[in-house]
Each structure stands twice: as C-alpha cells, then as structure tokens.
1. Can you give the alpha-carbon Rg of region 173-239 over 2.2 N^0.38 Å, where N counts its residues?
2. Could you work out what % of the accessible surface of region 46-149 is carbon and sulfur, using a 1.4 angstrom probe and leaving DNA, RNA and ligands out of the count?
3. Of Y258, G80, Q111, which is farthest towards the positive pole of the chain's charge dipole, taken about the Cα centre with +1 and -1 on the beta-carbons of Lys, Arg and Asp, Glu respectively?
4. Using the Cα centre of region 127-241 as origin and beta-carbon charges of +1 (Lys, Arg) and -1 (Asp, Glu), tell me which of A131, L234, P179 is placed farthest towards the positive end of the dipole.
5. Can you send over the solvent-accessible area of T72, 1.4 Å probe, protein chains only, in Å² to the nearest 10?
6. Just flag the trypsin sites (Lys or Arg not before Pro) in region 110-141 sitting in loop per DSSP whose Cβ has no more than 11 other Cβ atoms within 10 Å.
7. Which residue fluctuates most in the GNM of the chain (Cα springs below 10 Å): K32, K204, K250?
8. Of all the accessible heavy-atom surface of region 187-264, with the other protein chains kept in place and a 1.4 Å probe, what percent is carbon and sulfur?
Amino acid sequence: MNRKIIMNTKKIANKEAAVVENTTSKTLISLKNIRKEYGKNETKVMAVDGVSFNINEGENLALIGANGAGKTTTVEMILGINKPTSGTISYLFSKSGKAEDVKKELGIQFQDSTYPQYISVKKLITFIINAYNIRISTQELNSLIKTFKIKSFYNNPAASLSGGQTQRLNIFLSLIHKPKVVFLDELSTGLDITTRNDFKDFIKQYAIDNKMTIVLISHDVTEILALTDRMILLKKGKVVRDICLKDFKKDPASFQKYLEDNLN
C-alpha cells in the first residue's frame, strides 16, 4: 500500500512536535483524552493524563517512555486489561464492537509471561489455534515453528523454558492468528544478536504480508527504526512527542541523541 505522509507542527505539552498525518490509511484504534488514576484523595496518582492518539492501518508505531511514563498502563487499557478512569478508546476495525471480537484481532507479546505448569509448548500452541479458530495449514505452522526455532523444545513444558526460548514462544503466539494490531514489548529481550536481526526482518515482512500493524514498546534504537514509522513519546502520563521517523532512519545516531535529550 502506498501511503502519503504529511509533516506538520503541533503544540504538545507546550513543545513543538512533528505529527504524522496519514491521509490514506484508515484508523484502527483511536484514543481520546484517556486518563487513569490510582488511589483516592491525597494518595491519588495519575498514571495516564489525557492521552490522545490514533493507531493507523499499516503505520507501525513505537510507544516510548521512561519507567513510570504511562506506556504500559496505556497499552493495558487498549488491550482491555485495565479500564480508563475517563476518556474513550474506539476500535474502528470491529463491526460489532464486542469485547470478544476486538480481542481476537489483537496480538500481545508481553516481556514477561507465565504459563501453566506441565502444559507442553505443543499443547499450548494447539490451544491457541483452537481458541482463536485459526485456519492454518500444517505446512505454514511447521514453517513458523522453524522460523521461531521452537522445534527443539516443542514437547517441553512451557513453564520450563529459558528466557530466550520463552521470548521466541511469546512472539510466535502473538502473531500466529494474524491480528489486526500486534503489541510487541521489548522484542529483543533474551535473544542473541543473530536471532534478533532475523526476527526483525521476518516480523516486518510478516506484518506487511498479513496486513498487520505493529505497536512496539522498546528502548532499542535499531529495533525502533527497523520496525516502526512513527514514535509517540510519553512523559509523566502525557504525550510530549508524536513524530514521523522517516528522516531519523537515515541517521540512527541522531535518533539516539534525540531520545537521550527528550526521554528523561
């Protein structure tokens, strides 16, 4: 799909930010003035404070922020794991709007996952295929298992895997049902350099081939520039930057410097 990207300037939190206006792709998920509060009265903490942005079809998005910036809470609200205190989240890809239909179109790879004791990787994959009613040929399934290097521990208990093995399984399970939007949290954690590079290339092409949109939570500059087109920077629960990454892709060192200057 050919996309036209227009750069303009918008004030966000009293700072200039280049904003992506995607004029051809449709919006899949829209957040409007989302807030999340914890506690009451003097103990009240505002984890997310008036966040608004769109996730657009075919426009991979990086969600960046220091610890406590609100990115995890924001993602949890999008996924329905956590409810906003106020504001609205619209899932424009779903005709029914029902929670079960929305969830089937979302893929989730968390950095930390806990699987039931004694269930094997094979049985876990079979369960996911049945739960999502995934239509996948044996050939395609075997190809994915090979790509994610799962065969060597296919019959092992999922709870017994090493960190790198668990990460490969997590990514595999987030993609297998070909969701509209897939959320990838610190994709490279636990992976060796060769596997990391192979996965970045595969995931980007797999998303294109299956019309998936990626939302990446990461601090890895090479990962962000390889996989995403746009970055939203959160600070203290607010959006402070919403920028196109096209120019930064030509000069990764300048992007590293940009993050260092704006992240904290």
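The values are calculated or read from the model by the stated rules, or taken from the named source; none is laboratory data. Predicted model only: the values in this text are computed from it and were never measured. Methodologically, a virtual Cβ is constructed for each residue, glycine included, from the backbone with ideal geometry; neighbour enumeration extends over all protein chains shown. We work out accessible area using only protein heavy atoms, side chains counted, and drop any ligands, DNA or RNA first. Shrake-Rupley method; radii C 1.70, N 1.55, O 1.52, S 1.80 Å.
1. This ratio for region 173-239 stands at 1.14.
2. Here carbon and sulfur together make up 49 percent of the probe-accessible area.
3. The one lying farthest along the dipole's positive direction is G80.
4. Checking the options against the dipole of region 127-241, the answer is L234.
5. The accessible area of T72 comes to roughly 80 Å².
6. Values: sites: K122, K123, R135; in loops: R135.
Of the trypsin sites (Lys or Arg not before Pro), the ones in loops of region 110-141 whose Cβ has at most 11 other Cβ atoms within 10 Å are R135.
7. Of K32, K204, K250, the Gaussian network model singles out K250 as fluctuating most.
8. 53
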